[in-house]
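Heads up, the thing below is written out as structure tokens.
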Amino acid sequence: MLATFVIGLREGLEAALIVGIVAAFLRRRGRADAVRYVWLGVLLAVLVCVAVAIGLIVLSSELTQQAQEGLETVVGLVAVAMVTYMVVWMRRHSRDLKKDLEGAASSALASGSLLALVGMAILAVLREGIETVVFLLALFRTAGTPALAGVGALVGLIIAAGLGYGIYRGGVRINLSKFFRVTGLVLVVVAGGLLMTAAHTAHAAGWLNFGQARALDLSWLVRPGSVQESLLTGVLGLQAKPVVVEVVVWLVYVVPLAIYVARSARGGQRPAASSSANDSHTQPQSAR
């Protein structure tokens with residue numbers, strides 16, 4: 001539940017921030033009439049993401065067991081690639097997000113292209129939504145209680161939508177920089193667990209047959225049916241008896257990327273010059 005909550009909260013808030021910036025920009029420019037098209041576009045994008053999720057679930061249910069293991073491997077690897085790109089992009093471009101978005105919105109509005117502004121909001125929701133679908137499907141496969149994992153994702157999305165709307169209305173101020181850095185570290189660990197799971201399912205699919213000697217015996221910690229198993233396997237992807245290749249891929253992925261994100265957090269970034277307190281508090285710090 002914790003992992004899916006973080007995914008829903010982070011991905012949902014990133015999309016909500018972009019949509020909120022576009023909608024607030026239109027409202028400040030006296031184009032409140034166009035905001036309705038932004039909301040309609042967001043609704044359409046959400047429906048598309050739901051359709052993608054249903055399609056993947058139906059496809060998986062019609063496959064043989066071995067083919068399902070292969071599909072789970074592919075979905076897990078795609079999810080890991082997405083979160084890796086997200087973390088790296090965030091660290092390199094987060095400072096200029098608001099300025100870049102408002103510059104693009106200003107250019108679109110100057111040229112009379114409201115469609116471009118609405119398209120920005122739709123694409124943001126589609127991008128984050130599809131990433132969320134892929135990531136959650138991969139996590140659901142490892143969750144001890146899929147229904148509880150679904151609740152975690154839903155709660156995260158609802159909170160994200162509320163925060164995004166509050167920022168759009170100007171009534172919510174949070175330190176987005178710290179929020180995205182902390183969740184970035186959490187997602188690196190979660191993605192490492194997905195990579196371990198992908199190595200496990202790849203072996204079950206007959207794709208990965210080396211490095212299968214037992215590396216550790218964690219059955220004393222990851223006890224079947226226990227709370228520890230739900231947390232450690234569902235969130236971190238740890239198996240009771242991980243093999244060599246699973247441990248290696250976790251270490252190779254998590255250690256350098258976690259150091260990369262943590263060094264960014266420790267070093268920090270110089271606060272950008274701001275003409276108002278609102279800008280210093282509400283400047284979003286992440287999106288791809």
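Observations on the structure shown:
Here's the yes/no breakdown for (1) touching a Pro at 6+ places or on another chain (Cβ under 7 Å); (2) buried (at least 17 other Cβ atoms within 10 Å of the Cβ); (3) modelled with pLDDT under 75:
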position	(1), (2), (3)
118	no, yes, no
145	no, no, yes
159	no, no, no
170	no, no, yes
175	no, no, yes
180	no, yes, yes
207	no, no, no
210	no, no, no
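- The condition of being more than 30 Å from residue 196 (Cα to Cα), open to solvent by less than 60 Å² (accessible area, probe 1.4 Å) and within 23 Å of the chain's Cα centre (by Cα) does not hold for residue 79.
The rows are residues; the columns are (1) out of contact with any helix residue (DSSP H, G or I) (no Cβ under 6 Å at 6 or more places or on another chain); (2) of a type in the set (Phe, Trp, Tyr); (3) buried (at least 22 other Cβ atoms within 10 Å of the Cβ); (4) free of Cβ contacts under 8 Å to residues at least 40 places away in the same chain.
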{"site": "4", "(1), (2), (3), (4)": "no, no, yes, no"}
{"site": "18", "(1), (2), (3), (4)": "no, no, yes, no"}
{"site": "22", "(1), (2), (3), (4)": "no, no, yes, no"}
{"site": "32", "(1), (2), (3), (4)": "yes, no, no, yes"}
{"site": "37", "(1), (2), (3), (4)": "no, yes, no, no"}
{"site": "41", "(1), (2), (3), (4)": "no, no, yes, no"}
{"site": "52", "(1), (2), (3), (4)": "no, no, no, no"}
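- Unmet criterion (only one of (1) under 19 Å from the mean Cα position of the chain (by Cα); (2) surrounded by 19 or more Cβ atoms within 10 Å (Cβ to Cβ); (3) modelled with pLDDT under 80) for residue 129: (3)
- Of everything listed in (1) more than 30 Å from residue 206 (Cβ to Cβ); (2) modelled with pLDDT of 80 or more; (3) crowded, with 21+ Cβ neighbours inside 10 Å, the single unmet condition for residue 73 is (1).
- Residue in segment 230-245 that is at negative phi, at pLDDT 75 or above and part of a helix (DSSP H, G or I) present: yes
- Residue 253 meets each of the listed conditions (1) open to solvent by 20 Å² or more (accessible area, probe 1.4 Å); (2) modelled with pLDDT under 85 apart from (2).
- Residue that is farthest from the chain's Cα centre (by Cα) [pool: residues in segment 82-101 that are open to solvent by less than 30 Å² (accessible area, probe 1.4 Å) and at pLDDT below 80]: 101
The values are calculated or read from the model by the stated rules, or taken from the named source; none is laboratory data. Just so it is clear, the model here is predicted, and its values are computed rather than measured. Here the Cβ is made from the backbone with ideal geometry for all residues, glycine too, and neighbour counts use every protein chain on show. In case anyone asks, the SASA skips ligands and DNA or RNA and just uses the protein heavy atoms, side chains included. Shrake-Rupley method; radii C 1.70, N 1.55, O 1.52, S 1.80 Å.
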